[in-house]
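Data first, discussion second: the structure below is written as structure tokens.
Computed from the coordinates by the stated procedures, all read-outs in this text should not be read as laboratory data. Note that the structure is a prediction, hence the values are computed from the model and not measured. Virtual Cβ from ideal backbone geometry, glycine too; neighbours counted across all protein chains shown.
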Amino acid sequence: MKPYEIQELEQCGFLSKMFGSKPAENGWKELNNLLANADDINSVTADSVHAALKKWGIKFNEENMQQRSAIYRKLADTVYTEAQTADAAAFSQLAHLAEILDLPPHLAKLADKGAKTAAYFIRCRKLLTGEENLDIHAINELFNYDYEDGLSIRKQVFQAHFNLLFEDIVKEARYSPEQEARFRDDCAKLDIPYEFKNNIVNALQKYRNLWDAENKKLEPIELDLPLEKGEVCYAHVNCGLCQNKVIEREDNYFELTRKFSIDETVNFKGEKLEHPKIKEEITALLELGHFFLTNERIIYLSQKNAIAVKIDDITGAEFDDINMVTFHGKNGNDYLIKFPDEAAGVMHILFGRVKAKNI
């Protein structure tokens, strides 16, 4: 426990020597060095403190209360960060330092409160890294905290820890059961509930579904759907059947600028102002229906249409990383299926596994 380090004193300049003035800062450095050289703060006497300050023309008064509080706080930070029990010898050193610095009880209490808060952050972080010897209950007892006293700090520590790891989860777009187990263990170490805001919960669930789609064994689901012999269904989800179309529309640029200038491409027909038309390719939603993935086929059913394509007749599938999966048929036909955002990636992965017979 070494809260104090030796500090080099300032050299007195020519004018200081001429007029007999002394840099007051050296007095506090002298006191710091006195404490740094002491093997035990309890061995430092009030007389030695006053003597160190007197050499530089300093006496205790209201004006230097802040400097004394700062010196006390240094030791308090170390004590609360390292103490293992409430009766540790370091606490007696802290009380002794307050006495020889003639620090009022209310200022010592204020410094203790700040030191405890800072140390609590540090020790909670160390709980997560495995560097802390005490568990959270022992730390709370040491700090004289009840469950609520440090709850906000513990949640902040976990949130900062989670945010760093969440970046990797987002990058990989996967959330494994092992990762969840580690987070739950971290929450248990800090004695806080395993809970997140709704947007984080939704993101984690999405990444878990993707992990499950890649790693879990595919299990048949029971559906009231006529299937061929030996055919089983692995997934069913609501969807939309889409089609790529080329549409013609008016160029909005001329619509916005016609009040200011008339372009040479604009034609007049009577009193009507007609703007040039441009062609644009869009993906149009044709209708809503249901998508089924079996070990033999992809099936789309709606009130108007029924489409079934054998897996072997599909060369592959493309996912737009949002909600659209395009299945490419060997006959040159493409089947564009729009899924709910949370299901599209899952269906793309499941199709790939069925296609590769990785079931």
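Taking a 21 Å limit on the Cα-Cα distance, which of the listed pairs LYS189/LYS216; LYS59/LYS109; LYS126/LYS155; LYS2/LYS189 fall beyond it? Violating the 21 Å Cα-Cα cut-off are LYS189/LYS216; LYS59/LYS109; LYS2/LYS189.
Evaluated with a Cβ-only charge set (Lys, Arg +1; Asp, Glu -1), the stretch 95-234 carries a dipole of roughly 380 debye about its Cα centre, given to the nearest 20. The residues neighbouring HIS348, those whose beta-carbon lies less than 15 Å from its own, together hold a net charge of -3 under the Lys/Arg +1, Asp/Glu -1 convention.
When Lys and Arg each count +1 and Asp and Glu each count -1, what net charge do the other residues less than 13 Å away from LYS126, Cβ to Cβ, add up to?
Values: positive: ARG123, ARG125, ARG154, LYS189; negative: GLU82, GLU131, GLU132, ASP135, ASP186.
Combined, the nearby Lys, Arg, Asp and Glu give -1.
Candidate cross-link partners of LYS304 among the lysines, defined by an alpha-carbon separation under 29 Å and a same-chain spacing of 8 or more, comprise LYS229, LYS245, LYS330, LYS338, LYS355. About its Cα centre, the dipole of the chain is roughly 400 debye, where the only charges are +1 on Lys and Arg Cβ and -1 on Asp and Glu Cβ. In the list (i) 18.3; (ii) 25.9; (iii) 37.5, the label attached to mean projected area of the Cα convex hull in nm² as derived from the coordinates here is (iii).
Please work out how much length the chain gains when fully extended from GLU214 to ASN244, using 0.36 nm per residue of separation minus the C-alpha to C-alpha distance, in nm with one decimal. Don't jump to the answer; show the numbers that get you there.
Details: separation 30, 0.36 × 30 = 10.80 nm, distance 2.94 nm.
Gain on extension, GLU214 to ASN244, equals 7.9 nm.
Would you be so kind as to identify which of ALA118, LEU35, ALA95 lies farthest towards the positive end of the dipole of the chain, taking Lys and Arg as +1 and Asp and Glu as -1 on Cβ and the Cα centre as origin? Ranked along the dipole, the leading option is LEU35.
Using unit Cβ charges (K, R positive; D, E negative) and no other charged atoms, how large, in debye to the nearest 20, is the dipole of the stretch 86-141 about its Cα centre?
With Lys and Arg at +1 and Asp and Glu at -1, about 260 debye.
Long hydrophobic helices in the chain: the complete DSSP H runs spanning 27 Å or more by Cα along their own axis with mean Kyte-Doolittle hydropathy of at least 0.0 are 151-172.
Entry note, the chain: the mean residue ellipticity at 222 nm calculated from DSSP H runs of n ≥ 4, each adding -39500 (n - 2.57), is -15000 deg cm²/dmol after division by the residues and rounding to the nearest 500.
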